Structures are given as C-alpha cells and as structure tokens.
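Computed from the coordinates by the stated procedures, all read-outs in this text should not be read as laboratory data. Everything quoted here is computed from the prediction, not taken from an experiment. In this analysis, Cβ positions are derived from the backbone assuming ideal geometry, glycine residues included, and neighbour counts consider all displayed protein chains.
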Amino acid sequence: MSISKKVLKLRQSILKANTQLNSIKNSGHLETSEEANAKYNKILVQKAICKKELEQERCSIIQKFFNKFTHNPNKEKKLICDYFKS
C-alpha cells in the first residue's frame, strides 16, 4: 500500500504546525503578546485546514461519490467551524 505524496505532505504540514504551536505555547508570550496570539491562531487554522484535507484524502471513492451528490448548494463558502470537530 503506497501513500500518496499529497498525504505525506499534509502529515508533514500538521507535524510542523504542532511543533510551531508548542514552541509559541511554551514561550510564555501567548497571553501577553498580540503578535504571538495572532501567529498562534493563524497556525491553528492552517493545521485545521490540513487535517480537513487529509480527512478528505482518506475517504473512499464511494464516500466521495455520495458527498458530491449530497452537496448543499446553499453552503458554498467554507466557514471556520467547518474545519474543527464539534
């Protein structure tokens, strides 16, 4: 079973984001610095996007087929909450 290059790239991006988030968190400036907080939030959103793409890559062909036909035309824009599990 070979893993596609896209899946590997997404996994690497998620690991890199985790490392960056941990370094910002451990620096102690997250609560006091607006810049650190903005950077943390940006990385968090990028990580969530990568996780969502990875999840979509792992879907079977049948799931992709059903997802295509059950698409809600009223919801064309992605919301930030779409990237996070509830």
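Which of the chymotrypsin sites (Phe, Trp or Tyr not before Pro) found in region 3-66 are in a DSSP loop and have at most 13 neighbouring Cβ atoms, other than their own, within 10 Å? Working shown, then result.
Numbers: sites: Tyr40, Phe65, Phe66; in loops: none.
Answer in residue order: no site qualifies.
Measuring from centroid to centroid over Cα atoms, what is the spacing of region 1-33 and region 42-58 in Å?
Here the answer is 11 Å between Cα centres.
Quick check: pseudo-label points 7 Å beyond the Cα along Cα→Cβ at Glu57 and Thr19, how many nm apart are they?
Taking the simple label geometry, Glu57 and Thr19 are separated by 1.7 nm.
Can you list which of the GluC sites (Glu not before Pro) found in region 1-72 are DSSP loop residues with at most 16 other C-beta atoms within 10 Å? Mind dumping the intermediate values first?
On the way: sites: Glu31, Glu34, Glu35, Glu53, Glu55, Glu57; in loops: Glu31.
Sites meeting the loop and neighbour criteria: Glu31.
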